[in-house]
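Here's the structure, in structure tokens; my notes come after.
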Amino acid sequence: MARAIRVGGCVIRLLQGDITACRTDAIVNAANSTLMGGGGVDGAIHRAGGPAIAEECARIPAGPGGRCPPGRAVATGAGKLGARFVIHAVGPVWRGGGEGEEAILADAYRNALLRAVEKDCASVAFPAIATGAYRFPMESAARIAAATVKNFLAERRAPREVLFVLFSAEDLAVYERILEPLAQNPPTE
Ligand code: ADP
């Protein structure tokens, strides 16, 4: 099964584990619009990174949709994490699929990648945004994540390495299955 694929001189890799342990240039947080922390991966990132991340989030001005409306992404420092930046990306709450959830999820991935490129990040780790508390179905979320990242890398040729970090073996298996047909040119290392 596909654990890595090459796109435009870049590589997409799959990994199972805790994203807070990643030493990539940026770690993407599945945040909520307030950027004031929450459960799941958001809670884990703030716990491991310490209060500096929330302090920086609090200084971001809040608009009508919050500090970071669904589909958008903002970068902060990463506190005590091994990464240089946390990119807070906000997915859609799943409401059955009729409220633009798929497009919003794709926007969240694209905007997170744009923030990573702006910060000159060579490597970025993504969790499965919106598939926890926000209840986006894993299979369809994985397809959107893979296609959006693949298209971005094909066009921009950056960041050089994108990791999808899945918390469970089941979620990893879903991503492996979805990446398989995209792996026409697997990396050799
Ligand atoms: P959302 O509110 O966007 O749904 P959640 O944090 O509830 O965000 O869940 C998003 C995904 O992150 C889920 O698939 C969940 O299993 C996963 N997850 C939770 N904690 C971690 C972690 N420490 N590292 C990687 N993935 C995690």
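Read-outs throughout are calculated quantities, based only on the coordinates presented, and are distinct from any laboratory measurement. Only a predicted model underlies this, so the values are computations on that prediction, with no experimental measurement involved. FYI the Cβ positions are ideal-geometry reconstructions off the backbone, even for glycines, and counts take in every protein chain you see.
Just a few scattered comments:
- Under a Gaussian network description of the chain, with springs only between Cα atoms under 10 Å, the residue in Pro61, Pro159, Pro137 that fluctuates furthest is Pro61.
- In a reduced charge model with +1 at each Lys and Arg Cβ and -1 at each Asp and Glu Cβ, the chain shows a dipole moment near 340 debye about its Cα centre.
- With a Förster radius of 22 Å applied to the beta-carbon distance between Glu170 and Arg47, the computed FRET efficiency rounds to 0.35.
- Point-to-point label distance, Arg6-Asp18, nm (Cα→Cβ direction, 7 Å offset): 3.4 nm
- Mean Cβ neighbour count within 10 Å, used as a protection proxy, ranking 126-133, 143-150, 48-55 highest first: 126-133, 143-150, 48-55
- Residue separation of Lys119 and Arg59 scaled by 0.36 nm, minus their Cα-Cα distance, works out to 19.7 nm of gained length.
- If the chain linking Ser33 and Arg95 were pulled fully straight, counting 0.36 nm for each residue of separation and taking away their Cα-Cα distance, it would gain 20.7 nm.
- In the elastic network of the chain, a GNM with C-alpha springs shorter than 10 Å, the most mobile of Val117, Val165, Val86 is Val117.
- Full extension of the chain segment joining Arg157 with Glu180 gains 6.2 nm, where the gain is 0.36 nm per residue of separation less the Cα-Cα distance.
- Antiparallel bridges, percent of DSSP beta bridges restricted to segment 4-184 (to nearest 5): 35 percent
- Helix axis angle, 101-118 relative to the chain longest principal axis, alpha carbon, degrees: 90 degrees
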